[in-house]
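The values are calculated or read from the model by the stated rules, or taken from the named source; none is laboratory data. What you see is a predicted model; the values in this text were computed from it and never measured. Here the Cβ positions follow ideal geometry from the backbone for every residue, glycine too, while neighbour counts run over all protein chains shown. Surface areas here come from the heavy atoms of the whole protein model, side chains and all, with no ligands, DNA or RNA. Shrake-Rupley method; radii C 1.70, N 1.55, O 1.52, S 1.80 Å.
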Amino acid sequence: MRARSPALGDMEELRLSYSHLCKESGAEPQEVVLRQLHQPPQGRLDLAGQSLTVDTCRALGKLLQTQTVWTELVLSDCMLSDEGAPLLLQGLCANTVVRLLDLKGNNLRAAGAEALGKLLRQNQSVQSLTLEWNNLGTWEDAFATFCRGLAGNSALRQLDLRNNQISHKGAEELALALQGNTTLQQLDLRWNNIGLLGGRSLVNCLPSNRTLWKLDLAGNSVPSDVLRAVEQAMNHNQDQHAAFQKNQARTHILSREVQHLQEEKSKQFMDLMETIDKQREEMAKSSRAVSVRVGQLQEALNERHSIIKALKAKLQMTEAALALSNQKAQDLGELLATAEQEHTLGQQEAAERESKLLKDLSVTNERNLLLRNQVDELERKVKSQQEQLFLTRQEMTHTSAELKMRAVQAEERLDMEKRRARQSLEDSEKLHCKEMECITRHLEESQKATQERVHRLEALRLSLEEELSRVKAAALSERGQAEEELMKARNQARLEEQQHLAHMEEKLRLLAQARDEAQGVCTQQKQMVADAQARASQLRLQMEGQQRRLEELQQELSSKDQEKVAEVSRVRVDLQEQIGRLQAELVGQEALREKVAALERQLKVIASDHREALLDKESENASLREKLRLKEAEIARIRDEEAQRASFLQSAILTYVQGSPVRALSPPK
């Protein structure tokens with residue numbers, strides 16, 4: 001059977017420990033979690049959309065304290081309870097592996113928010129945290145603890161707080177947290193209830209935070225000017241982040257170049273030391289070879305002495321000894337020739353080494369010149385940066401003067417607008433007064449006309465009543481006279497009454513129309529008065545808006561001045577840092593110059609030592625040559641003496657042989 005991989009073994013241990021923890025708490029392990037633990041490890045535990053019980057949260061919290069398999073933990077839409085969420089997050093406080101945590105749509109309450117704040121204070125590994133659709137902003141005290149934890153965190157890079165019902169108070173707490181946080185880079189606050197006050201508090205905190213370069217505030221009823229200010233701050237932070245990355249890249253490149261130069265210098269120094277060691281070894285070898293050769297020559301001389309002694313002892317071997325001595329003399333001549341050739345070769349090698357050393361010295365001098373040129377370029381760059389600083393200061397003075405001029409112009413314009421608004425208000429009030437007087441006069445005239453008409457109608461009515469009473473009296477008086485006339489009179493009276501009634505109804509209708517027209521005129525005048533009042537209120541609102549705009553412009557001018565001052569201070573600090581770095585580099589260059597000078601002095605000392613050693617070797621070779629010459633003269637003298645002795649012996653032997661011929665011919669007894 002094949003052995004299991006270590007990762008599968010870790011998953012098996014996690015599954016067994018999860019089952020054991022669930023059984024210890026008296027609950028059955030959830031099948032969903034077991035299936036996820038049964039899958040091959042991919043660095044991600046995805047339990048999205050699964051309902052997790054309190055026992056499961058407790059067991060997972062204990063597992064997460066020591067696990068090293070999962071770097072991403074997805075628990076979105078898991079319906080975590082008020083008891084389960086703190087248990088799970090408490091386990092994550094001691095974890096050092098998880099980088100991504102997704103708690104979207106879990107409806108976390110006050111306990112969950114406090115547990116999240118504790119997690120942010122203690123955990124230093126989570127870099128991305130998603131808390132969308134959790135309504136954390138409804139619990140103000142718990143959200144404040146969460147913000148305090150965010151302020152003390154130094155690992156989180158991305159935070160998602162969309163749809164969390166965060167009010168302007170929550171935004172103020174977040175602003176305080178952002179002032180203390182130095183690592184958060186992306187913050188998503190879309191679709192909350194931040195409003196104008198929250199937006200302003202966030203804008204006010206942004207100048208003290210230089211790491212946040214993405215802040216989304218869409219769907220928060222934040223005014224456009226606040227959004228523009230946030231966008232400007234984010235653009236400024238992005239530019240600073242890019243500049244910081246460029247500076248880091250440049251410093252890294254410069255450090256690598258300096259390290260490369262140091263490595264090259266160390267390599268050159270090591271090469272020089274190796275060449276010096278090799279030269280020393282070669283000189284030792286040559287000295288050993290010379291000593292060996294001198295020993296060999298001494299042995300040859302000893303052998304020649306032994307040969308001379310053998311010649312003295314054995315006269316019959318004189319010729320062979322002479323031949324051997326001649327051959328050995330030839331060998332010695334060859335050895336001398338080879339020694340001379342080797343000596344010439346050694347001189348040539350020494351000359352080549354000296355030329356190499358001179359070349360190395362020239363290369364080092366050229367590199368020193370290059371380093372001096374680089375130092376000069378750096379000094380020129382420092383001068384150019386100082387000039388740029390001077391130009392930026394001039395630009396700052398010009399911009400401040402322009403801003404002051406613009407502020408003065410804006411104040412003058414505001415004064416003009418105020419005077420115009422006051423003039424327009426006064427004109428509108430005068431017109432309103434005149435219109436009100438006209439309306440009141442018209443109303444009084446109409447009321448007088450209506451009263452006169454009413455009096456006239458009443459007089460007509462009274463006159464008609466009198467006429468009716470007269471007619472009735474005439475009718476009663478004439479009743480007895482003639483009923484026919486009475487009937488005619490009645491009919492005529494009825495007709496007249498109908499005519500009068502119709503005439504009166506027509507008059508009443510006309511009066512009602514006139515009354516309706518007067519009421520319409522009154523309503524129109526009232527509408528005009530209401531419109532005038534609305535216009536006056538609008539003008540007041542416009543004046544208040546202009547005043548708020550003026551205050552905002554003054555705040556923007558003050559914030560811009562502060563930003564300019566901060567930018568100038570930051571530029572000064574950056575330039576001081578760059579000047580310090582350049583000074584450090586100049587110190588390093590001076591140290592390198594001193595090292596190069598020391599190496600040159602060492603090379604000079606080594607060259608002088610080498611020359612002295614060569615002179616000593618040459619003197620030794622001259623002394624050896626003198627010794628060889630003396631030995632050769634001695635050998636020649638010895639040869640002459642031996643030749644003379646041999647001639648003497650030969651003559652003696654011949655005389656001896658010639659003096660005794662009989663003994664030489666007679667055989668021995």
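Return the whole-Å distance between the Cα centroid of the stretch 127-175 and the Cα centroid of the stretch 499-551. Centre-to-centre (Cα) distance: 54 Å. Here the chain is treated with +1 on each Lys and Arg Cβ and -1 on each Asp and Glu Cβ, and its dipole about the Cα centre works out to around 2660 debye. Sequence-distant contacts, meaning Cα pairs under 8 Å at least 6 residues apart, place the relative contact order of the stretch 151-205 at 50 percent. From helices alone, the chain scores -29500 deg cm²/dmol at 222 nm; the rule is -39500 (n - 2.57) for each run of n ≥ 4 DSSP H residues, then divide by the residue total.
Note that the stretch 301-448 presents 76 Å² accessible area per residue, ligands and nucleic acids not counted, probe 1.4 Å. Legend: residue pairs K278/K627; K328/K617; K104/K214; K328/K356; K246/K356; K118/K246, Cα-Cα distance threshold 32 Å; pairs beyond threshold, K328/K356; K246/K356; K118/K246. Only one residue of L443, L336, Q533 has its Cα farthest out toward the positive end of the dipole of the chain, where Lys and Arg carry +1 and Asp and Glu -1 on Cβ, and that residue is L336.
Of the complete DSSP H runs in the chain, those spanning 20 angstrom or more by Cα along the long axis with a mean Kyte-Doolittle score not below -1.0 are 6-24, 224-313, 318-479, 483-659.
Considering only N326, P223, I253, the residue lying farthest towards the positive end of the dipole of the stretch 200-348 is P223, judged by Cα position with unit charges set on Cβ. Between the entries (1) 30.8; (2) 40.3; (3) 26.9, the label attached to Kirkwood radius over Cα pairs in Å calculated for this structure is (2). Over the C-alpha atoms of the stretch 182-284, the Rg to Rh ratio, Rh being the Kirkwood estimate, stands at 1.54. Give me the percent of accessible area attributable to carbon and sulfur for the chain, probe 1.4 angstrom. It is 53 percent, rounded to a whole number.
For the stretch 262-304, the convex hull drawn through the C-alpha positions has a volume of 23 cubic angstrom per residue.
Computed over protein heavy atoms with a 1.4 Å probe, the accessible surface of the stretch 139-195 works out to 39 Å² per residue. Judged by the gyration tensor of its Cα atoms, with axes a ≥ b ≥ c, the stretch 254-376 is prolate; a/c meets the 1.5 cut and a/b is the larger of a/b and b/c.
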